[in-house]
1. Loop-only trypsin sites (Lys or Arg not before Pro) in the stretch A:56-95, please: DSSP not H, G, I, E or B, and at most 16 other Cβ atoms within 10 Å.
2. Is the shape of the stretch C:345-509 best called rounded, prolate or oblate, per the rule: a/c under 1.5 gives rounded, else a/b larger than b/c gives prolate, else oblate, with a ≥ b ≥ c the square roots of the Cα gyration tensor eigenvalues?
3. Can you pull the semi-axes for the stretch A:1-85, root of five times each eigenvalue of the Cα gyration tensor, sorted largest first, whole Å?
4. Using a Förster radius of 25 Å, what is the FRET efficiency between B:K146 and A:K245 based on their Cβ-Cβ separation? Nearest 0.05, please.
5. By how many nm would the segment from C:S206 to C:K619 grow when fully extended, if each residue of separation counts as 0.36 nm and the alpha-carbon distance is taken off?
6. Please return the longest stretch of chain B lacking exposed loop sites, where GluC sites (Glu not before Pro) count only if DSSP places them in a loop and at most 14 other Cβ atoms lie within 10 Å.
7. Restricting to Cα atoms and excluding each atom paired with itself, what does the Kirkwood estimate give for the stretch C:590-646 in Å?
8. In degrees, nearest 10, range 0 to 90: what is the angle between the Cα axis of helix B:178-188 and the longest Cα principal axis of chain B?
Amino acid sequence: MKYAYFPGCSLKGTGRSYEESLLPVMRILGIELEELRDWNCCGATAYMSVDETKACVLASRNLAIAEKTGHRALVTPCSACYLVLNKTQHYLKEVPAISNGVGKALGAVGLSCHGAMPVRHPLDILLNEVGLDAIKQKVTHPLTGVKIAPYYGCQIVRPYATFDNAYQPTTLDRLCEALGATVAHYPLKTRCCGGSLTGTMPEPGLHCAYQLLKEAVKRGADLLATVCPLCQFNLDGYHDQIAAKWEPVRLPTLYFTQLMGLAFGLAPTQLGLQRHLVPMKPLLPVTA
Amino acid sequence: MIEYTRVIKHETDRVPGFGAEVMRAPGCEKLASCIQCGTCSGVCPVSIYMDFTPRQIMALTRADFKDDVLRSRTIWLCVSCYACTTECPRKIRITDIIYELKQRAIQSGYYPEHFAVPVLAREFTDMARANGRITESLLVMRMYLKTNWLAALGMWRLGLKLMSTGRFSYTPEKIEGRAELEKMFAAIDTPIPDYSPSGAPGEETKGTQP
Amino acid sequence: MKDEPEIRIGFYVCHCGTNIAAMIDCQAVARYAAQLPFVAVSRDYKYMCSDPGQELIQRDIKEHALNRIVVASCSPLLHEHTFRNATEKGGLNPYFFHMVNLREHNSWVHSDGSKATAKAFAQIRAAIARVPHHKALEVLQVPIHPDVLVVGGGIAGIHAALTLANAGKKVYLVEREPTIGGHMAKFDKTFPTLDCAACILTPKMSQVKSHPKITLWSFSEVVKLDGYVGNYQITVKHKPRYVNEDLCVGCLECIPACVFKTPKFPDEFNQNLGKRKPVYIPFPQATPQVVLIDPEVCLNLKTGKCKQTCVEACGDRQAIDFDQRETFDDIKVGNVIVATGFKTFDAHRIPQYGYGAFPNVFTSLEVERMINTSGPTSGAIVGRDGKHPDTVGFILCVGSRDEKTNKWCSRTCCMHSMKLAQLIKEHCPRTEVYIFYMDIRAPGKGAEEFYDKSLRMGIRFIRGRVAEVTDWAVTPEEEGRLVVRCEDTMAGFVRRIPFDMIVLAIGKEPQADAQDVRRLFNMSCGTEGFFLERHPKLAPVSTFTDGIFIAGACQGPKDIPDTVAQAGAAAAEAMVLIDQGHIEIEPNTAHISEVDCSGCKSCLPLCPYTAIAFIETTKKASINAALCKGCGTCVAACPSGSITQNLFEDDEIFSEIAGVLAYE
Ligand SMILES: Cc1cc2nc3c(=O)[nH]c(=O)nc-3n(C[C@H](O)[C@H](O)[C@H](O)COP(=O)(O)OP(=O)(O)OC[C@H]3O[C@@H](n4cnc5c(N)ncnc54)[C@H](O)[C@@H]3O)c2cc1C
Ligand code: SF4
Ligand code: SF4
């Protein structure tokens, strides 16, 4: 199976290890992700606060390029990109003012966007196209004894919950179980990580991250599994500040793709695990 | 000494038509239906830090209290997590309404100087437009320089760690189609409409950095 | 007891699951009863009311030749009927049964088991001592007169009358105003569907007028009610309208002909917002279509000096009759439905809101008339200063939910204010309309949707009870306007908002004469003054007097759908009695021994049910068994001891007392 692939800016920067683990894992499962040619920034939440139409213009250039590939769907791993691309699809259908502006901008460079290409998250592809059985078959190093707090964050389930329940999502839980891990009951699965506030208004932003980590520690989790580069950064990068302000709640936060890679027998360095600020405890037999 | 502040709102404190204008923006149409149930404030992860709760922002927007709304800390605290939007019993897209309010606040300068959120948004849009991509490390540096470079110093440790783990990019990512992108934007560039309130943000707003 | 066969009592004590058995030792009770005089059988059983329990009684009657039955269980209110039936099925007269309440009177209210069991002994000893004195009694059957009187011609009365008449019953509809229709006739539209009130009401009004089974008496009142369920005698007074109803054809030619060239007297139907002449018809579709003359202002009736141009205009029809006097009609009916509606709260009672002081403060009912195209302003919203308001503020709960006036919620003010606000928005979309509320109460079908529609139309809702409406201006734009000061509790600050017009959503109260009507029809009122239903859930349209039913807003504030539902229910309840043809009356009534009665009349005024009459020919008092409720007041009061009451005869009561006291 082949999909168009939109990595988004973070996966080339702070979220590098996400891409480093995503691509090999997908390859093992027989999925090829073809990176969009000369893609640009999705627009993200920041652009939405300044000018909605222009944010949609940015997003739709990518959609237009994706449509040209003729692939069945565009896969994007970053939650913010996932939301913005989906939101743009909605706006193009529902809001004439925006779709007119976008049409004009794309038209100026000979592009067009029909809004017909589904934008999907790798988790969606894994659960609904590949299937848990196929994934289990590839597990060579089951994560037995590892207790995972599955953390979905906001934007893959809200506001467009297309492949999971917005209130009680289970896809990540089921994936972790398929890898042989134990899933902790984690009531904050969809609560916000602090988003970009951690940089702009640190106290409220870090408070969000702190609460997530604290609860995961309390639930006896060994690690948090995440699906988004910004969540990973917020939960991984600010332990010093959190400890200074509240209390130490050190816990590693891994991309679900890294967990898959470990279970598939890939080496930690092949999965970018060395890039994380809170290192994995050697308790995982596979990392030891 | 007790300091007394008198709070009473007269009709002159409203900007009639403001609420209706917001409600015309995409995604904001249903604001009229708000029943002030407070679910949005209850579910919001950062409402505890807000000066007005999301529910109050809905009430104030609908009632045309433009200055109070655009000056509030709330709109900048919103992390766009969409929890409120998912829960609202009237299917009001609160997050989108707050986006709309942010846009208006930015357009008419309703925020304190050196205030990080709008600065970040501005820097973000400039970088996205110029390069086609965002290089987070450089973006954050620029934000700190424009807002509070002292705070940037406090982050040196994090910066170092990012550098040592290879997550810090030193050169900006750029796309090939930059000219194409500029052409697209130029096609829809319009002069920013003037949303200045009756009383433009005065001294008092400058001082209240959240 | 001399000639009767030997007394053989069957005694049964019920465990009522554990309700009784957990506190009282039922087996001990059964053992105790077994050794009391005349007891032939004594048993305890888990559930006496169950089918096997009842069959036990029936079988024992046959097998043990029982002739008295005592069951010690729950309250007679619940199962006396059950056990009387069982006794009757066993072949005995049902009044040979007696019941002891071991549950409500004993197990439920005590906490010491041995004392409770001792008390049970005393209770059953009393019953077993009394029951040998019981006599066979017969249930009285009284025929039901098939005609029905409906009092009040609002939507409740109209609907009840039509329902009965369509079922073939003869109905008298008595309305005290010159036209039927009640409050609903004054409305422009009705929530939540906004269908035009007249379009749905007036067809029903004319059906009432033309229905062969309905006699409509408008401008009339019930002045007297005698009798009892199935047999009420009623006197109806017809007030003079100075127009012969049979001759008037409703051409209305007399009105322009009146010597008063322009209308100059307050028009009640339009809440005094318009003017009428001495000769008038309340509104174009008034039913009956008959004019009337107001004697207070008619020149001829006041001074006798008038050219009587109206009579001239009426011409050959000769319908105008200045000599008309009150007349009376006596009728007989079996059932009465009281549907006298409500009265609106007098807004003057809350002076802070400025009604009467500021010309542009209106009541919601006034605005109903105003917005009605056939109303005083032909549908235009205008202040008393003649200006069209740019801003209108509705204040809810005026005279409702306020311990200083009325505690209750008037149930339609949220909805009817939103209705009027929507209509104002529709008539003139630029008008800013505010609604000040404490809670929006929009229950019922389509109501929440109606609220949402109001919100979406841009009506501004402010949660906060208005403190005052003043003309105290503190800013230039408040100058010359009505300023509302209140807390906007949702925004979180106090606000001052100036308006051109204020509308007070006035609450609903009992009619001014509700107490008189209550007495006339032998009903009760709740503390707030609305008529009291027999049971708030299970008998909502019955009263404590059989054959008297209530429907609509006279029972409590409600909207039209609920009113109509109640009216239909009341009609159905009346039909139940009519179609039964007769009712059965409990034989626990009092009767007078003619020989002993001295004719002192002491009992007559005491009877709460006016069941005692004085027979002039014999000079003796006599009790109408159909009216007697068996309260026993007269029995105790009779100085000559000539009144006895079935089931409460002296020897029954004395042996019961002796029975209680016999147990140490
Ligand atoms: C401003 C306002 C707007 C409203 N709008 C709506 C609406 O849009 N939709 C809705 O569903 N409800 C509405 N309501 C409620 C509605 O008025 C009532 O539900 C309805 O009128 C009750 O009908 P009724 O027949 O019980 O009482 P009424 O309408 O009060 O009728 C009672 C009738 O009995 C007569 N009467 C009284 N005493 C006697 C007596 N002693 N002898 C003979 N006749 C007597 C009266 O003259 C009157 O004709 C509104 C109420 C108000 C105040
Ligand atoms: S949840 Fe929706 S209806 Fe409730 S207060 Fe918030 S915006 Fe209004
Ligand atoms: S989207 Fe914004 S306002 Fe809504 S819950 Fe999240 S942070 Fe709060």
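1. Sites meeting the loop and neighbour criteria: A:R72.
2. Details: a/c = 1.21, a/b = 1.06, b/c = 1.15.
Rounded, since a/c falls under 1.5.
3. That gives 23, 16, 9 Å for the three semi-axes.
4. So the FRET efficiency works out to roughly 0.55.
5. Stretched out fully, the C:S206 to C:K619 stretch lengthens by 143.6 nm.
6. The reported range is B:4-112.
7. 10.9 Å
8. On a 0 to 90 degree scale, this one is about 20.
No value in this document is a laboratory result; all are computed from the given coordinates. Not measured: the values here are computed from a predicted model. Glycine gets a Cβ as well: all are built from the backbone with ideal geometry, and neighbour counts include every protein chain shown.
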